[in-house]
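Data first, discussion second: the structure below is written as structure tokens.
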Amino acid sequence: MSLAQERELPKWKVDEVSEIEEKLRNSKTLIIVNIEGFPADKLHEIRKKLRGKAEIKVTKNTLFLIAAKRAGLDTQKLESYITGSNAFIFSNENPFAISIFLSKFKLKRYPMPGDKADEEVVIPAGDTGMTAGPILSTFGKLKVQTKVQDGKVHVIKDTVIAKPGDPIPAEAVPIIQKLGIMPVYVKLKLKAAYHDQLIIPVSELEINLDNYVAMISEASRNSLALGVEIAYPVPEVLKLTLGKAFMRATALAGEAGFLTPETADAVLSRAVTKAYALASSISGKVDLGIQVPKAAAPAAQEKKEEKKEEEEKKGPSDEEIAGGLSSLFG
């Protein structure tokens, strides 16, 4: 739009452009939102939720682009997103923080024909407040047990008519609305964010926190296990490393028969196990004059030792990792 055309704008449009320009100059983050078909009352609820964090405004695309150009934004990057019905969120917070904030709360609305349920749809038992008549046949189609009392339709027991992800029966829509049931979630459809002269498309803007938590947890476990293995010189890591080294040394001493006060239990235990194993193998040929335990005992002991060695190879336990991580990473 040329300067001459801008000057010909009605006063309310000039004021609107000035207001948006000021918001853009005073905001570090801009988020473009698709509001086509979005309920106006729900947009008002979101506006209240954002209070103190961001401001949301609905305006014409042409007026926004004029204001964006005046504010020094790269309108060529923005133009492909400024189509259809839009709302604009202005904030000084990180765009990812705003995206996460918007994803945390759920707004609900009454269903329309063709909608799918976002949560279980239950027709509750009790007085529906509906006058008996043709509506009874609708309840019958939905397989909802009813009775007529004082001219009103009463539902006999709670009845599920749709589970999450199921299409909501079209004939049920008027009943659901009459009963005040809102099984459909409303969510703003983000298009993109503009931050520090960069466009962030919605595919990168919406973050799955659960996936990130799992990835960070795995990376943390691996980093601590590596630190233990290489004896990284941090007190919390060395504590785990020394414990692991002690267990390995004790096992080696037991195998070699190296006897010290610290290794006595391991050495003697292994020697007894081997003695019983030998006695068991020759008990049928030589009378040793002793009661030889069942062969299962040494086998169980060996399995126990094997399990212990496997645990040593695996590294620190989850509890040790959690304690070590809190110290390593604050």
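The values are calculated or read from the model by the stated rules, or taken from the named source; none is laboratory data. Keep in mind it's a predicted model, so treat the numbers as computed, not measured. Note that each Cβ is placed from the backbone with ideal geometry, even for glycine, and that neighbours are counted across all protein chains shown. Quick note on the areas: whole protein, heavy atoms, side chains included, nothing else; ligands and nucleic acids left out. Shrake-Rupley method; radii C 1.70, N 1.55, O 1.52, S 1.80 Å.
Side notes on the structure shown:
- Convex hull per residue volume in Å³, alpha carbons only, for segment 1-123: 144
- Ranked by solvent-accessible area (1.4 Å probe, protein heavy atoms only, all chains present), the residues His44, His154 order from largest to smallest as His44, His154.
- Candidate residues Leu73, Leu242: accessible-area rank, largest first, probe 1.4 Å: Leu242, Leu73
- Probe 1.4 Å - accessible area at Met130, Å² to nearest ten: 20
- Solvent-accessible surface of protein heavy atoms, probed at 1.4 angstrom with all chains present, puts Glu36, Glu120 in the order Glu36, Glu120, largest first.
- Per DSSP, loop chymotrypsin sites (Phe, Trp or Tyr not before Pro) in segment 51-160 with at most 11 further Cβ within 10 Å: Phe105
- Under 5 Å from the amide H of Lys108 lie the amide H atoms of Val186, each residue being 5 or more positions distant or on a separate chain, with H modelled from the backbone and absent for Pro and chain starts.
- Anisotropy class of segment 160-238 from Cα gyration tensor, a/c 1.5 cut: oblate
- Whole-Hz couplings from phi, Karplus 6.51/-1.76/1.60, listed for segment 185-196; x for Gly and Pro: 7, 10, 9, 5, 9, 6, 9, 5, 10, 10, 8, 6
- Whether segment 87-182 is rounded, prolate or oblate, judged on the alpha carbon gyration tensor where a/c under 1.5 counts as rounded: prolate
- Nonlocal amide H pairs with Ile35, under 5 Å, H built at 1.01 Å: Ser85, Asn86, Ala87
- Using a Förster distance of 45 Å, the FRET efficiency for Leu136-Phe96 (Cβ separation, nearest 0.05): 0.30
- Using the Karplus relation 6.51 cos²θ - 1.76 cosθ + 1.60 with θ = phi - 60°, the per-residue 3J(HN,Hα) values for segment 258-268 come to 7, 9, 9, x, 6, 9, 4, 4, 5, 5, 5 Hz, with x marking Gly and Pro.
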